Amino acid sequence: MATAVAGKGLEGIVAANSGICWIDGDAGILSYRGIDIHELAVHSTFEETTYLLWNGRLPNAAELQEFTAQLAQSRILDPKIVDLLRSFPASATPMEVLRTAVSALSMYDADENDNLHDANVRKSFRLTSQIGMIVAIYDRLRKGLAVVEPDPTLTHAANFLWMLNGEKPSDTASRTLDVALILHADHELNASTFAARVIAATLSDIHSAVTGAIGALKGPLHGGANEAVMRLLYAIDKAGADPVTYVREMLAAKKKISGFGHRVYKTEDPRATHLRAMSERLSKDSGLTKWYDWSRQIELFINAEKKLNANVDFYSASTYTTLGIDVDLFTPIFAVSRISGWAAHVIEQLDDNRLIRPRAEYIGPAYPSPYVPMANRG
Ligand SMILES: CC(C)(COP(=O)(O)OP(=O)(O)OC[C@H]1O[C@@H](n2cnc3c(N)ncnc32)[C@H](O)[C@@H]1OP(=O)(O)O)[C@@H](O)C(=O)NCCC(=O)NCCS
């Protein structure tokens, strides 16, 4: 039986039972499997956090070692996928490339036709490793640089930077990215994860679910916002404008400022707290303080003017830029992390599946409307 329409955009609607991620938007709390994000950001690693998301508890030392090794051993891409990456037009964006390449991965996966729990875990290991590889390899190919082979001794974060830059990253760069990956790993029923669950619930496959999720992540209201923040900072720079004046004029023109606002958080996004601190630290260490300083000025202005808080995307922009990462890789890097959450949700969905099929409140022409023969139409 259908009930009345929910708030526009399903605001406030609880659409699934899930044991993965809990958010209290009024108190500004985010937790994975009950563990506060602040604890994970300080003490955990991306590998351990992924284990937590997939297994529901923290690993012991041996379990973490085995898990880390399995992720590292999964850094294998069929040469045909690398050929595919070479074949895209110069106009392709890294998000388009990632979406297309992840879709193609299923055809090279040994478990392609197995949708049972264990096969989906195996595919999750591979997807987690392969997404990072695809982003790094594509960036080098489009710049005419040689592909860098993965290094199994490096962490997920460090290996990504190694494959991207062709040089071993500093401990600061590796740990900064590692923490960013922890912070982005999961976020309950955000748009891309919800998309992934809807696709998985048809008993389609995990590659289809993740491909759809990447498509959802790409949009500027979701993961695409981190790129939009940096493009705003570059536009301010190019115009030689004062950041606050520039943003004030955007608001006057009824434009949204990327990196602010959130459907769930009514307080500060707890992830932004860490990204702000990382951005500030990196800017001081590197001497490149402009992006952080401008971000902070904009943040204080938007806080005061619109009562809106920075979200996860706002300070990722200056953080990644200070790490020397190109703007159009920011959203792909979100995927390099969020695959851990998507995989956890797809597996949880399939472990207790039912088709996700809501109803729409019909607001079209009244029924029955006549079928007017062509000759009688105006
Ligand atoms: C995140 C977001 C999509 C949430 O959307 P939502 O829950 O549907 O909220 P709405 O877009 O309806 O916004 C509610 C009000 O706040 C305003 N608002 C929200 N975010 C804003 C922003 N970033 N800049 C300016 N105004 C904003 C809206 O204009 C709206 O005002 P109104 O009621 O006067 O029309 C929205 O805040 C946004 O577009 N932010 C910018 C993109 C972004 O950073 N996305 C990443 C999210 S992690």
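The values are calculated or read from the model by the stated rules, or taken from the named source; none is laboratory data. Remember, predicted model here, so these are calculated numbers, not experimental data. Cβ: placed from backbone, ideal geometry, glycine included. Neighbour counts: every protein chain shown. Calculation scope for accessible area: heavy atoms of the full protein, side chains included, ligands and nucleic acids excluded. Shrake-Rupley method; radii C 1.70, N 1.55, O 1.52, S 1.80 Å.
Report yes if Val346 is in the same structural domain as Arg142 (by TED's automatic domain parsing), hydrophobic (A, V, I, L, M, F, W, C) and within 14 Å of the chain's Cα centre (by Cα), otherwise no. Judged against the criteria, Val346 is not a match. Check region 247-265 and report whether any residue there is assigned to a helix (DSSP H, G or I) and buried (at least 18 other Cβ atoms within 10 Å of the Cβ). Yes: one or more hits.
If you go through region 339-361 and keep only what is open to solvent by less than 50 Å² (accessible area, probe 1.4 Å), out of contact with any Ser or Thr (no Cβ under 7 Å at 6 or more places or on another chain) and not β-branched (Val, Ile, Thr), you end up with Ala344, Gln349, Leu350.
Within region 113-121, is there a residue that is out of contact with any strand residue (DSSP E or B) (no Cβ under 9 Å at 6 or more places or on another chain), closer than 24 Å to Lys218 by Cα and either open to solvent by 50 Å² or more (accessible area, probe 1.4 Å) or acidic (Asp, Glu) (or both)? Scanning region 113-121, I find no residue that is out of contact with any strand residue (DSSP E or B) (no Cβ under 9 Å at 6 or more places or on another chain), closer than 24 Å to Lys218 by Cα and either open to solvent by 50 Å² or more (accessible area, probe 1.4 Å) or acidic (Asp, Glu) (or both), so the answer is no.
Evaluated against (1) assigned to a helix (DSSP H, G or I); (2) open to solvent by less than 20 Å² (accessible area, probe 1.4 Å); (3) touching a residue at least 60 places away in the same chain (Cβ under 8 Å), His187 falls short on exactly one condition, (1).
What number of residues in region 268-277 are assigned to a helix (DSSP H, G or I) and open to solvent by less than 10 Å² (accessible area, probe 1.4 Å)? Matching residues across region 268-277 total 4. Just one of the listed residues (Gly341, Gly324, Gly259, Gly240) is farther than 18 Å from Asp178 by Cα, in contact (Cβ under 8 Å) with a residue 12 or more places away in the chain and not hydrophobic (A, V, I, L, M, F, W, C), namely Gly259.
So for region 284-294 (the condition being buried (at least 17 other Cβ atoms within 10 Å of the Cβ) and within 16 Å of the ligand (Cβ to nearest atom)), does at least one residue qualify? No, because not a single residue in region 284-294 is buried (at least 17 other Cβ atoms within 10 Å of the Cβ) and within 16 Å of the ligand (Cβ to nearest atom).
Taking region 19-46, which residues are in contact with a helix residue (DSSP H, G or I) (Cβ under 8 Å, 6 or more places away or on another chain), part of a helix (DSSP H, G or I) and open to solvent by 10 Å² or more (accessible area, probe 1.4 Å)? Once the filter is applied, which keeps residues that are in contact with a helix residue (DSSP H, G or I) (Cβ under 8 Å, 6 or more places away or on another chain), part of a helix (DSSP H, G or I) and open to solvent by 10 Å² or more (accessible area, probe 1.4 Å), region 19-46 yields only His38.
Each row is one residue, and each column tells you yes or no for (1) within 14 Å of the ligand (Cβ to nearest atom); (2) of a type outside the set (Ser, Thr, Tyr); (3) within 14 Å of the chain's Cα centre (by Cα); (4) modelled with pLDDT of 95 or more.
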residue: Lys307; (1), (2), (3), (4): yes, yes, no, yes
residue: Ser316; (1), (2), (3), (4): yes, no, yes, yes
residue: Thr321; (1), (2), (3), (4): no, no, no, yes
residue: Arg338; (1), (2), (3), (4): yes, yes, yes, yes
residue: Asp352; (1), (2), (3), (4): no, yes, no, yes
residue: Ala360; (1), (2), (3), (4): no, yes, no, no
